[in-house]
Amino acid sequence: MNDFVMVSLKDIAHSLTGPFGSLLHESDYVEIGTPMVTVEHLGIESFKLQNLPFVSEKDKVRLSKYILKEGDIVFSRVGSIDRCTYVTQNEDGWMFSGRCLRVRVNEKANARYLSFYFRLRYFKQMMLNISVGATMPSLNTKLLDGIQLYLPTLNKQIQVANLLTILDNKIILNNRINTELESMAKLLYDYWFVQFDFPDENGKPYKSSGGKMVFNQDLKREIPVGWEVGFLGSILKTSLGGTPSTKNKQYWENGEFQWLNSGEIANFPIITSELKITKDAIINSATKLMPKGTVTLSITRHIRPSILAIDACANQSVVGVYETEKIKSSYSYPLICNEVPKYMSLRTGAQQPHINKQTVDKTLMILPSKEILDKYYELANPTYEKININAFQNKELVGLRDWLLPMLMNGQVTVKEAEEKVNNFAMAAEPTAKYKTNQ
């Protein structure tokens with residue numbers, strides 16, 4: 001511990017607030033240009049890429065002081081002020097918005113180490129404690145510069161950062177693989193069941209090779225001869241979740257069943273929940289225990305589908321679509337994903353725009369022949385199984401990283417001891433039967 005010294009952030013870094021609205025308006029954003037990260041894009045291991053706004057080359061030159069460099073750390077300035085993201089080589093040259101603060105570390109400290117330091121639970125709590133604002137916590141450069149940090153030598157910072165980065169990089173890689181696997185699975189579904197170019201008896205694309213089609217009045221389009229169309233709610237079992245009484249502690253304390261809020265449906269696949277409930281909570285509320293393999297759909301505000309890789313309950317803003325012997329989630333999930341734009345257009349309610357379970361039940365669903373579905377499952381199911389395996393591995397990686405993080409930062413665990421634990425995890429990280437889905 002003698003290697004640790006106390007420093008102020010201003011001694012080892014320079015902080016800067018992003019461009020305020022007077023410098024860059026929302027109307028200035030363009031379709032193609034330089035990405036501009038804002039609060040919603042601050043992830044733990046990396047930036048979230050959904051709905052990134054872009055600025056023009058002219059504005060980039062005009063606001064060049066707000067260009068990010070590899071090694072910068074971007075904080076949320078308002079709201080979730082304990083959230084920050086490290087800028088990698090992939091984001092070098094991007095920009096940050098007025099709702100963010102940038103920290104640029106000098107040669108006296110290691111930027112990657114600081115990005116991990118900023119994830120410590122006690123540091124996050126300190127950030128909340130020093131924030132200003134009665135209703136919405138906020139930060140400024142003066143508050144940020146005055147933060148006191150307890151740091152080891154620069155050499156030790158580099159060693160710790162390198163080790164933790166190995167875990168982060170594996171998590172990021174698994175996430176990227178899963179994104180690609182999901183895209184491949186959806187492409188396969190669209191090719192077979194939207195374009196109807198599944199392999200015919202000669203192995204050629206069915207529709208493109210002149211396969212016989214018939215017009216379906218409900219869908220207002222042609223489908224392969226012999227295929228049927230019906231309402232999703234008549235073909236598959238669906239259920240709406242519920243919330244056990246929050247006034248009854250016996251429903252929530254020492255819970256053994258996962259319980260999801262609608263925001264958690266944004267995770268794909270779903271492998272855990274923040275809260276758990278008891279068996280009595282299920283018996284005495286409207287929530288249902290849905291088996292793994294169930295497709296879940298959040299129906300309030302953002303309409304988002306996912307698949308359960310665990311048994312779980314959910315709140316009343318989530319609809320569950322169950323698997324059957326014939327219709328697996330690898331078929332119903334991409335089908336529902338394709339329906340999301342339609343669901344969004346059917347939302348009602350000014351304060352909480354939503355759809356209801358009946359909207360989902362009335363979704364028109366094509367029923368291919370069992371022979372075609374079986375061939376499809378042979379290709380699609382292993383892909384979804386691999387996605388689940390990667391997701392569960394990431395859960396263990398995050399657990400290991402978050403356990404090592406404070407231990408390394410306060411010197412309770414040496415770098416050598418941590419390396420042994422990481423190596424042991426890598427050796428034991430082979431896919432296991434407990435992560436395989438029942439397809």
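Subtract the Cα-Cα distance of Ile177 and Ala286 from 0.36 nm times their separation in residues, and report this length gain in nm to one decimal. Provide the component values of the computation, followed by the final result.
Numbers: separation 109, 0.36 × 109 = 39.24 nm, distance 3.67 nm.
That pair, Ile177 and Ala286, stretches by 35.6 nm at full extension.
With every protein chain present, what is the per residue accessible area of the chain (1.4 Å probe, Å²)?
Heavy-atom accessible area per residue stands at 51 Å².
What residue among Leu151, Leu346, Leu173 shows peak mean-square fluctuation when the chain is described by a Gaussian network model with Cα springs under 10 Å?
Taking springs between Cα atoms under 10 Å, the residue moving most is Leu346.
If you roll a 1.4 Å probe over the chain with all protein chains in place, what percent of the accessible area is carbon or sulfur?
Summing carbon and sulfur atoms, their accessible area is 51 percent of the total for the chain.
What is the set of long-range amide H partners of Leu367 at a cut-off below 5 Å, with H atoms built 1.01 Å from backbone N?
For Leu367, the qualifying residues are Glu228, Val229, Gly230.
Relative to the present Cα-Cα distance, how much length would full extension add between Ala350 and Val61 at 0.36 nm per residue of separation?
So the extension gain works out to 100.1 nm.
For the chain, what does the helix formula give at 222 nm: sum of -39500 (n - 2.57) over DSSP H segments with n ≥ 4, over the residue count, nearest 500 deg cm²/dmol?
-11500 deg cm²/dmol, from helical runs alone.
Give the relative contact order (percent, whole number) for the chain; include only Cα pairs under 8 Å separated by 6+ residues. Write out the running numbers ahead of the final one.
Numbers: 736 pairs, mean separation 59.7, N = 439.
Averaging sequence separation for qualifying contacts and normalising by length gives 14 percent for the chain.
Using alpha-carbon positions, what is the distance between the centroids of the range 99-158 and the range 311-389, in Å?
So the two Cα centres are separated by 42 Å.
Could you tell me which of rounded, prolate or oblate describes the range 90-159, using a ≥ b ≥ c as the square roots of the eigenvalues of the alpha-carbon gyration tensor, with rounded for a/c under 1.5 and, failing that, prolate when a/b is larger than b/c and oblate otherwise?
oblate
Just how much of Glu323 is accessible, in Å², when a 1.4 Å probe is used and the result is rounded to the nearest 10?
Approximately 50 Å² of Glu323 is accessible to the 1.4 Å probe.
Considering only DSSP beta bridges whose two residues both sit in the chain, what percent are antiparallel, to the nearest 5?
90
Which one, Gly71, Gly399, Gly21, has the greatest fluctuation when you compute a Gaussian network model over the chain with C-alpha springs under 10 angstrom?
Maximum among the listed residues: Gly21.
Under 10 Å, Cα contacts only: if you run a Gaussian network model on the chain, which one of Ile307, Ile158, Ile130 comes out with the highest mean-square fluctuation?
Of Ile307, Ile158, Ile130, the Gaussian network model singles out Ile130 as fluctuating most.
May I ask for the angle, rounded to the nearest 10°, between helix 329-345 and the longest principal axis of the chain, with both axes built from Cα atoms and the value confined to 0 to 90°?
80
How about the range 220-316: which GluC sites (Glu not before Pro) there are in a DSSP loop, with at most 11 other Cβ atoms within 10 Å of their Cβ?
When the GluC sites (Glu not before Pro) of the range 220-316 are filtered for loop state and at most 11 Cβ neighbours within 10 Å, Glu253, Glu256, Glu274 remain.
Which whole-number percent gives the relative contact order of the range 30-91, counting Cα pairs below 8 Å spaced six or more residues apart?
Here the relative contact order equals 35 percent.
Which order do Tyr322, Tyr331 take by accessible area at a 1.4 Å probe, largest first?
Descending order: Tyr322, Tyr331.
Between Glu417 and Ala266, what is the FRET efficiency for a Förster distance of 45 Å, r being their Cβ-Cβ separation, to the nearest 0.05?
0.80
The values are calculated or read from the model by the stated rules, or taken from the named source; none is laboratory data. Note that the structure is a prediction, hence the values are computed from the model and not measured. Cβ coordinates were reconstructed from backbone atoms using ideal geometry, including for glycine residues, and neighbour counts include every protein chain displayed. Only protein heavy atoms, including side chains, enter the accessible area calculation; ligands, DNA and RNA are left aside. Shrake-Rupley method; radii C 1.70, N 1.55, O 1.52, S 1.80 Å.
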